[in-house]
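Peer 1: Pasting a structure here, questions to come.
Only the coordinates and a few stated rules stand behind these numbers; no lab work does. Treat the numbers as computed from the prediction; the structure is a model and nothing was measured. Positions of Cβ are generated from backbone atoms using ideal geometry, with glycine treated the same way; all protein chains shown enter the neighbour counts.
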Amino acid sequence: MKDEVQQIKSILDKSLLDEDPSKSFKEVLPKIRSYSSVDSAWTTNMAFFVKFKKGGTMSWIITP
């Protein structure tokens with residue numbers, strides 16, 4: 001699970017640095033949901049949330 005968390009973190013950190021983070025979040029959502037350690041994942045206009053099966057919830061927030 002630790003490796004998957006690091007992979008997810010890397011993907012979403014890169015999305016935050018994208019020219020349009022909100023669009024990038026929507027594009028990577030299916031990939032994040034496919035990880036076996038992920039219970040659920042969702043995005044809003046300003047944030048991305050990942051709830052893990054054996055853990056808590058992490059979020060990435062777009063700051064204006």
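Peer 1: Which GluC sites (Glu not before Pro) from the chain combine a DSSP loop assignment with at most 11 other Cβ atoms within 10 Å?
Peer 2: For GluC sites (Glu not before Pro) across the chain that sit outside H, G, I, E and B with at most 11 neighbouring Cβ atoms in 10 Å, the list reads Glu19.
Peer 1: Would you mind checking the tilt of helix 2-16 against the longest principal axis of the Cα atoms of the chain, expressed as 0 to 90 degrees and rounded to 10?
Peer 2: With both axes taken from Cα atoms, the answer is about 10 degrees.
Peer 1: Which angle from 0 to 90°, rounded to the nearest 10, does the C-alpha axis of helix 21-33 make with the longest principal axis of the chain?
Peer 2: Computed tilt is about 20 degrees.
Peer 1: Note down the net charge around Trp42, summing +1 for each Lys or Arg and -1 for each Asp or Glu among other residues with Cβ under 12 Å from its Cβ.
Peer 2: +2
Peer 1: In bins 10 Å wide, starting from 0, what share of all Cα pairs of the chain does each bin hold, as a percent?
Peer 2: 24, 59, 16, 1
Peer 1: Taking Cα pairs under 8 Å and at least six residues apart, what relative contact order does the chain come out at, in percent?
Peer 2: The value is 25 percent.
Peer 1: Let me ask you something else. Straight-line reach from Lys51: which lysines have Cα under 17 Å away, leaving out those fewer than 8 places along the same chain?
Peer 2: Lys2, Lys9, Lys26, Lys31
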